[in-house]
Every structure is written in C-alpha cells, then in structure tokens.
1. Please list, in chain and number order, the residues 5+ apart from residue 41 or on another chain whose amide H is under 5 Å from its amide H, with Hs placed from the backbone.
2. Which of the three applies to region 11-175, rounded, prolate or oblate, going by the alpha-carbon gyration tensor with a ≥ b ≥ c and a/c under 1.5 meaning rounded?
3. Which of the three applies to the chain, rounded, prolate or oblate, going by the alpha-carbon gyration tensor with a ≥ b ≥ c and a/c under 1.5 meaning rounded?
4. Which of the listed residues, 159, 226, 291, is farthest toward the dipole's positive end in the chain, when Lys, Arg count +1 and Asp, Glu count -1 at the beta-carbon?
5. Which of the lysines could a cross-linker span from residue 129 if the Cα-Cα distance has to be under 29 Å and same-chain partners fewer than 8 positions apart are dropped?
6. Taking amide H atoms as placed 1.01 Å from N in the peptide plane, list the residues 5 or more away in sequence, or in a different chain, whose amide H sits under 5 Å from that of residue 91.
7. Who wins for biggest fluctuation among 272, 212, 44 in a Gaussian network model of the chain, springs between alpha carbons below 10 Å?
8. Taking Cα pairs under 8 Å and at least six residues apart, what relative contact order does region 184-299 come out at, in percent?
Amino acid sequence: MKREAIPAVALGDYRQSDLRGEGFVAVPYQESRAWNPTLLTPHYHDFFQVSLIRGDARLMHDFRETKVSGHTLFFLSPGQVHAVKSGSDTDGTILSFTREFFDAGAAGSTELLLGLPFFYPADSAPWMKVPRHGVAPACELFRELQQEFDAAREGAVEIIRALLRILLIKASRWRGLVPASPAAVHRGNALVRNFQLLVERHFNDWQTLPQYAKQLGVTANHLNDVVSEATGKAAGEHLRQRRLLDAKRLLLYSELGVAEIGYQLGFKDPSYFSRFFRRYEERTPAEFREAIREKYQQEGG
C-alpha cells in the first residue's frame, strides 16, 4: 500500500476575511476542524501559529507527542509537522500569522518573534500549560483577538498586532522566560540562541561549525564550548540533529526519493545518507517513511 505524503496547509485554507490578506487569521478551534478535515491529521504550513487549547488533547509536533489538559498554549513555526487530536468537548482558538504581519510597524524591534523561546525551539517543548493566574488574561486576549478579527473594523490590524505581542510576552512570563533587552541578556545565552537560529536558517548550506562561528564572530572551539555547556550537546550535534529532523519531515510529507532527499540535505553519497539516518533511527530512510506514514494515516482514520 502506498503511504501518502503529508499535506501542506496554506493561510488561504483558513477562514475567509478581509484581514487574511494582511497575514493574520483567528479561528475557533472546533470551527477550524469542521472546515478542513486535513487539520485533523499531520500537516505543516509556512506561517507561525499559537493556539489556546481548552480541554484534553494529544499533541504531535515533529515526531514528539504529549497529552495535555486544562488550558494549553501550542506554538508552531513554519515547516513543523504537527497534529492535534481531541474530543468534541475540547475548544479554544487558533491564531495564524506571518512574520511579515508580526514585524510590520515594529519600530526597530523586529527580532522579538525569533527571540521568543517558543518558535524554533531547539531544546524545549513548543507547548506549555497556562498557570492558574494566567488563565483569565490568556482567555481574554484570545477573545479580543478573535473579536477584532471577526469585526475587521478600522484599525483592527494594529490592535491585533499589539495584542499578539502582549500575548506572547505574557506567555514568556508565565513560562518564566521573559524576553530581556539585548543589554541584559547574558552573552553566552545570546550566543547559543543566535547559533540555534543560524542553524535553522542555514543548516542546508552551512554544514561545518567554522561557518557558524565566523558569522557569530567567535572561534569554533569557543562556540562549541558555550553550546555544549548550555545545552549538554556539542554544537556539531545540533547541526546533525537539525539535518536529521529535515530528513524525517521530507520522508513524511514529500514524494522525493531517498537519494533525492539526501542530495537536498547536502549528502553527496546516498549510501552515506542512509548510514547517517540509520545511526540515529536504527532503520533505513525507506523503512522510516513506510512506518511513519502508516502510523499517522491510521490515526487519521
């Protein structure tokens, strides 16, 4: 049996609105499921997303799974394969937005989005339980965002952009990770985060540590020491794990052959790509593709 590729969902597949063209959509959780059955199964998209999920659910994010209950925030970055399984009693709100929407009119603070700990997290989960003292303000912010989106009155774009920033900064507080000003950030922590973001942007092009060290203005040895101390993993291992993740994503949702995926990830020899993959997954890329597609398609019904 042929296992189908995992689909991409575009911002245009969500609710129609005058504001969708600006790069923002707010949709009630259950409503989004009724509109597009694709959202019930693993998929990915090219925009950012933050959801408030109220009730019991099972989250899948880039091959990690967890069960949640109560009030949960779920953060998604472009390209991440994900799905949410829940019953009819679970509800909430899904906010989808582009980086261009978030950064527009940011008055010099365009690094806030990628400086937050929730997007492209290398060493932390992209979900969090809202603490008791945060439940009421979180629900109110999501309610206001949905209301502004639905009404689409004059000035709604600026209000939505401001509310979205407030929501994400409050979420950082609730998680105990308030974004600090550049002057207040410890240099080592800043170096690690900047390295992680560079890996996210350039892992396909830059495959050796000195390339990242040069861009960051440090030596490769210093970069490796700081990253190793902060994360418990060598800097080179972060590069390898990011390439592995992209290999797994492509095996799941693309129709490229195994050799083509290897070439796309910078492996000149398909056999070396297979050995690299098997070292981490203990099975060949083809075996992984068959098993993971069967798993998620069976769960999707």
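No value in this document is a laboratory result; all are computed from the given coordinates. Owing to the predicted nature of the structure, the values given are computational and were not obtained by experimental measurement. For neighbour counting, all protein chains shown are included, and Cβ atoms are generated from backbone atoms with ideal geometry for every residue, glycine included.
1. none
2. rounded
3. oblate
4. The one lying farthest along the dipole's positive direction is 226.
5. The reachable lysines, counting only those whose Cα sits under 29 Å from residue 129, are 67, 85, 170, 233, 248, 295.
6. Result for residue 91 returns 54.
7. Greatest mean-square fluctuation among the candidates belongs to 272.
8. Relative CO of region 184-299 lands at 19 percent.
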